[in-house]
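Enquirer: Can you read through this structure? Questions will come right after.
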Amino acid sequence: MSFNGHGVWSIYRFEMARALRTLVQSLVTPVLTTSLYFVVFGSAIGGRMGEVEGVNYGAFIVPGLIMLSLFTESLFNASFGIYFPKFTGTIYELLSAPVSAFETVLGYVGAAVTKSVVLGLLILATASLFVPLHIQHPLVMIAFLLLTATTFSLFGFIIGVCANSFEQIQVIPMLVVTPLTFLGGAFYSIDMLPGVWKTIALFNPVVYLISGFRWSFYGTADVAVGISLTAISGCFLVCLAIIWWIFATGYRLKK
Amino acid sequence: MPSILTIRQLTKTYANGFVALKNIDLDIRKGEIVALLGPNGAGKTTLISAVCGIVTPSSGTITAGGFDTARAYRPARAMIGLVPQELATDAFESVWSTVSFSRGLFGRAPNPAHLEHVLRALSLWDKRKDRIMTLSGGMKRRVMIAKALAHEPSILFLDEPTAGVDVELRRDMWNLVRSLRESGVTIILTTHYIEEAEEMADRVGVIHKGELIVVDDKVALMKKLGRKRLALHLQEPLAAIPAALADWPLALKADGCELHYEFDINAEHTGVPTLLRQLSDLGIPFRDLNTSQSSLEEIFVNLVSDREKGSHL
Ligand SMILES: Nc1ncnc2c1ncn2[C@@H]1O[C@H](COP(=O)(O)OP(=O)(O)O)[C@@H](O)[C@H]1O
Ligand SMILES: [Mg+2]
């Protein structure tokens, strides 16, 4: 046995079953929340905003809103998925099973990515009900969707492994990701920022994600799409390396 | 008998510097039932956890079925099933889905017939569609056993399987253990109930403060370490032990009607003939006498207290 496919499938199915049990929490809530954003920012305020970079404001914020949901859901799903067995003690089974680190990550992160991508597409579909949408580069769009979901799910997995309480799992999305997203150009173009803030914004990795993702919709970007792709790929590799280190050292999973 | 599990020089030092296992050497033979005894904190759970991959050993090697549990962990773990000491189950899963999960996790293709067999053997079949959180504590423990058996392991670890479970489950569990042994499964269990070890196990190991102080055939262990008790049923009850016998380790029981004498059956002089002669010299007649072997519990207490005395020297 060089690859435990049954093991990966078991973990994946277990995680997906959990999502189905909590369908309202995992899909309906985020879709409803994002719809509210469209109503408030897109229609109510956006009506007076005119266009940003030649795009209707309601449509302009769609990529950023999808990214925001992708970040938080990926982080939450993956961190919860691995933290919960630690919390209840059922992790003993995973640790004693003939499952490699790679297979464990594949199962948990694979399920988290699936959920996030489904959610992202659902929000996209919801958005199309409110604003005129046009996707110029669908393949790039899908690539960003997958890479972002995977990277943040890996990041979530790391948080779940390191977390010692449910608060810690909630704190990072709340304290780090949401501010970075709001400051990362989800609702505006970086070009609209005054001088020095524009430079500071470029240190925010989320800027590259939203910019690249928006480019795949409208062909306009704050930074070149190549740089965006490189940035997200870099983040992806960093998360992979951290996870590799976690398993190589048995950090926080084994005693 | 070939060894199915080999532990060599296993040492575990926890992150806080506590040495939980010291140079453990242990060979488990295929198809036997081994009971590990030891007071709380002795290191039994740590030993099992090290074999199963839950605790990383500090040094030493473990092989299961010839596979190193660190380097060839896949085939090694695939043959091991574990029922841990602590109750831990997925509250929201159904019984059926949790045992299916376990089987898949251990790399086995689905086999509903086997799972049905396991669930029936544990009286869980009627509950297979129930969510685990709706089950009683005893039922949850059955679920954990079912999970451990789902992938048809050839080595089964039961960590304190009967601690705090009801009589019915204990009986079912031992029936299951017997039938598993008949089908060739090797079973290693820890227990606080020495009668259980005595009744079930082929061999008994005693762990104390991280050291395996003895492993032996149960019968041989009782012979080797056993003490016997001579009980004399007196014709007339005694109010106290006569001063002339003060040097003897004697005890008066049953309101002075029985005189008990503990002796080591391995000692060169058991003292029995001398004691009987002295009693007749003192004019203390007895109606009857019998001897009984000490139980594992007594053996165990003696072993541990000998150790403690030894460590104070
Ligand atoms: N994670 C840990 N860190 C430090 N010490 C531990 C840890 N786990 C167990 N111990 C200590 O190791 C000793 C052996 O524990 P354990 O193997 O659970 O004993 P037993 O199962 O025989 O009761 C105990 O003194 C316990 O306090
Ligand atoms: Mg224990």
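The values are calculated or read from the model by the stated rules, or taken from the named source; none is laboratory data. Remember, it's a predicted structure, so these values are computed and weren't measured experimentally. A quick note on method: Cβ atoms are made from the backbone with ideal geometry, for glycine too, and the neighbour counts reach across all protein chains shown. To get the accessible areas, we keep the full protein, side chains included, count just its heavy atoms, and leave off ligands, DNA and RNA. Shrake-Rupley method; radii C 1.70, N 1.55, O 1.52, S 1.80 Å.
Enquirer: Let me cross-check A:TYR208: its accessible surface, 1.4 Å probe, with only protein heavy atoms counted, in Å² to the nearest 10?
Expert: 40 Å²
Enquirer: Ok, one more. Give the angle, between 0 and 90 degrees and rounded to the nearest 10, that separates the Cα long axis of helix B:95-105 from the longest principal axis of the Cα atoms of chain B.
Expert: In chain B, helix B:95-105 runs at an angle near 80 degrees to the longest axis.
Enquirer: Amide H of B:LEU238: which non-local residues (sequence gap of 5 or more, or other chain) have their own amide H closer than 5 Å, using H built in the peptide plane?
Expert: B:CYS257
Enquirer: Here is a follow-up. Shielding of A:3-10 by partners, i.e. mean partner chain Cβ atoms within 10 Å per residue? Don't skip to the answer; put the middle values down first.
Expert: Details: counts 2, 8, 3, 9, 8, 3, 3, 11.
Mean partner shielding for this stretch: 6.
Enquirer: Rounded to the nearest 5, what is the percent of antiparallel bridges among the DSSP beta bridges in the protein assembly as shown? Please list the in-between numbers first.
Expert: Values: 41 of 58 bridges.
Antiparallel bridges make up about 70 percent of those DSSP assigns within the protein assembly as shown.
Enquirer: According to the square roots a ≥ b ≥ c of the eigenvalues of the Cα gyration tensor, what is the shape class of the stretch B:1-75, taking rounded for a/c under 1.5, prolate for a/b larger than b/c otherwise, and oblate for the remainder?
Expert: Values: a/c = 2.12, a/b = 1.31, b/c = 1.62.
It is oblate, given that a/c is not under 1.5 and a/b is not larger than b/c.
Enquirer: Among all the aspartates and glutamates, which ones have a C-alpha under 19 Å from B:LYS209's C-alpha, if same-chain residues fewer than 8 places away are not counted?
Expert: Leaving aside aspartates and glutamates fewer than 8 places away in the same chain, those within reach of B:LYS209 are B:ASP25, B:ASP159, B:GLU160, B:GLU297, B:GLU298, B:ASP306, B:GLU308.
Enquirer: Mind jotting down the distance between the C-alpha centroids of the stretch A:99-132 and the stretch B:80-118, whole Å?
Expert: Comparing the Cα centres of the stretch B:80-118 and the stretch A:99-132, I get a distance of 27 Å.
Enquirer: Restricting to chain B, compute how many DSSP beta bridges are antiparallel as a %, nearest 5. Display every interim value, and only then the final one.
Expert: Working: 39 of 56 bridges.
Within chain B, antiparallel bridges account for around 70 percent of the total.
Enquirer: Considering every residue in B:81-90, what mean count of other chain Cβ atoms within 10 Å of its Cβ is obtained? Show your work: numbers first, answer last.
Expert: Numbers: counts 1, 5, 1, 5, 1, 2, 2, 8, 4, 8.
Mean number of neighbouring Cβ atoms from other chains: 4.
Enquirer: Using alpha carbons only, how many degrees (0 to 90, rounded to 10) separate the axis of helix A:101-130 from the longest principal axis of chain A?
Expert: Helix A:101-130 and the main axis of chain A meet at about 30 degrees.
Enquirer: Per-residue Cβ counts within 10 Å, from other chains only, averaged over B:96-107: what number is that?
Expert: Average neighbour count from other chains, rounded to a whole number: 6.
Enquirer: Further question on the same structure: How far is helix B:296-312 tilted, in degrees, relative to the longest principal axis of the Cα atoms in chain B, given as a value from 0 to 90 rounded to the nearest 10?
Expert: For B:296-312 against chain B, the angle is about 80 degrees.
Enquirer: Taking only protein heavy atoms and a 1.4 Å probe, what accessible area per residue, in Å², does chain A have with all protein chains in place? Please list the in-between numbers first.
Expert: On the way: 11090 Å² over 255 residues.
For chain A, the solvent-accessible area averages 44 Å² per residue.
Enquirer: Could you sort B:151-157, A:200-206 so that the peptide with the highest average Cβ count within 10 Å comes first and the rest follow in order? Show your work: numbers first, answer last.
Expert: Numbers: B:151-157: 21.4, A:200-206: 15.3.
Ranked from most to least packed, the peptides come out as B:151-157, A:200-206.
Enquirer: With θ taken as phi - 60° and the coefficients 6.51, -1.76 and 1.60, list the Karplus ³J(HN,Hα) couplings across the stretch A:134-149 in order, rounded to whole Hz; mark glycine and proline as x.
Expert: Using θ = phi - 60°, the values come out as 9, 10, 6, 10, x, 5, 5, 4, 4, 4, 4, 4, 5, 4, 5, 4 Hz.
Enquirer: Taking R0 as 41 Å, what FRET efficiency do you get between B:GLU195 and A:SER165 from their Cβ-Cβ distance, rounded to the nearest 0.05?
Expert: Details: r = 42 Å, r/R0 = 1.03.
E(calc), rounded to 0.05, equals 0.45.
Enquirer: In the structure shown, do any of A:LYS86/B:LYS44; B:LYS22/B:LYS253; A:LYS86/A:LYS115 have a Cα-Cα gap over 30 Å, and if so which?
Expert: On the way: A:LYS86/B:LYS44 22 Å; B:LYS22/B:LYS253 42 Å; A:LYS86/A:LYS115 21 Å.
Distance filter (> 30 Å) returns B:LYS22/B:LYS253.
Enquirer: Let me have the 222 nm mean residue ellipticity of the protein assembly as shown computed from DSSP H runs of 4+ only, each contributing -39500 (n - 2.57), with the sum over all residues rounded to the nearest 500.
Expert: On the way: 23 runs with 287 residues, N = 568.
After summing the helix terms and dividing by residue count, I get -16000 deg cm²/dmol.
Enquirer: For the protein assembly as shown, what is the charge dipole size about the Cα centre, in debye to the nearest 20, if Lys and Arg each add +1 at the Cβ and Asp and Glu each add -1 at the Cβ?
Expert: Using only the charged Cβ atoms, the result is roughly 1220 debye.
Enquirer: Quick one: if the Förster radius is 30 Å, what FRET efficiency do A:ILE242 and A:VAL31 give, using the C-beta to C-beta distance and rounding to 0.05? Don't jump to the answer; show the numbers that get you there.
Expert: Values: r = 31 Å, r/R0 = 1.04.
Given R0 = 30 Å and the Cβ-Cβ separation, E is 0.45.
Enquirer: Which order, highest average first, do A:157-163, B:47-53, B:245-251 follow once you tally other Cβ atoms within 10 Å for each residue and take the mean per peptide? Can you show the working numbers first?
Expert: On the way: A:157-163: 22.0, B:47-53: 26.1, B:245-251: 12.6.
Highest-to-lowest ranking by the protection proxy: B:47-53, A:157-163, B:245-251.
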